[in-house]
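Notes follow once the structure below has been shown.
The values are calculated or read from the model by the stated rules, or taken from the named source; none is laboratory data. Keep in mind it's a predicted model, so treat the numbers as computed, not measured. Note that we place each Cβ from the backbone using ideal geometry, even for glycine, and neighbour counts take in every protein chain shown.
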Amino acid sequence: MTLAEAVAAGHARVRLPHWANSSDYIKLDIIQAADDPTGRVCGPWAHLYSPVQKVLGLPRPQTFLLIHLSQPAGWEPYTGPPSPDEWTASITCPVCGSVSYNALGDVVRYCGRCHQFHDEIEKGKVLRGGWPPSEKPEPEP
């Protein structure tokens with residue numbers, strides 16, 4: 001859906017499905033039209049929320065001006081926690097089972113215990129329990 005369609009449907013929080021962090025979303029200012037009780041319009045500002053903002057010391061939310069509501073399509077309603085203060089993001093390593101609550105863990109998909117990237121694990125380059133013998137790094141002298 002476009003942002004205009006999201007506003008018309010009353011979805012104040014939306015995200016794009018290809019965003020790396022599933023907790024990122026944009027909050028739209030939806031204003032009820034005074035002359036039409038069923039009509040909704042979008043205010044000029046949108047607000048980006050992301051768990052990474054807190055980790056990096058960025059202001060939360062980051063507010064920006066909306067210029068085009070019709071492009072691009074592909075937005076979906078955000079169904080995550082109702083408030084950024086309720087984020088308890090975690091990521092579980094598929095190799096060792098360790099759970100990380102670091103907000104950047106979900107973005108970079110890296111296990112600090114195994115020292116392995118989850119994308120590499122999913123491509124089959126790393127096996128459960130450690131490196132395949134042919135790719136095992138040599139210990140440093």
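Structure summary
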| quantity | calculated |
| --- | --- |
| Residue pairs meeting the criteria (Cβ under 7 Å; at least 6 apart or on separate chains; first without any contact (Cβ under 8 Å) to a residue 60 or more places away in the chain, in region 1-23; second surrounded by 20 or more Cβ atoms within 10 Å (Cβ to Cβ)) | A12/L28 |
| Region 1-47 - residue that is among the β-branched types (V, I, T) and assigned to a loop (DSSP other than H, G, I, E, B) and, of those, nearest to P72 (Cα to Cα) | T2 |
| Evaluation of L66 against (1) modelled with pLDDT under 70; (2) surrounded by 14 or more Cβ atoms within 10 Å (Cβ to Cβ) (one fails), failing number | (1) |
| Sole exception among (1) at pLDDT 75 or above; (2) under 27 Å from T2 (Cβ atoms); (3) touching a strand residue (DSSP E or B) at 6+ places or on another chain (Cβ under 7 Å) for A33, by number | (1) |
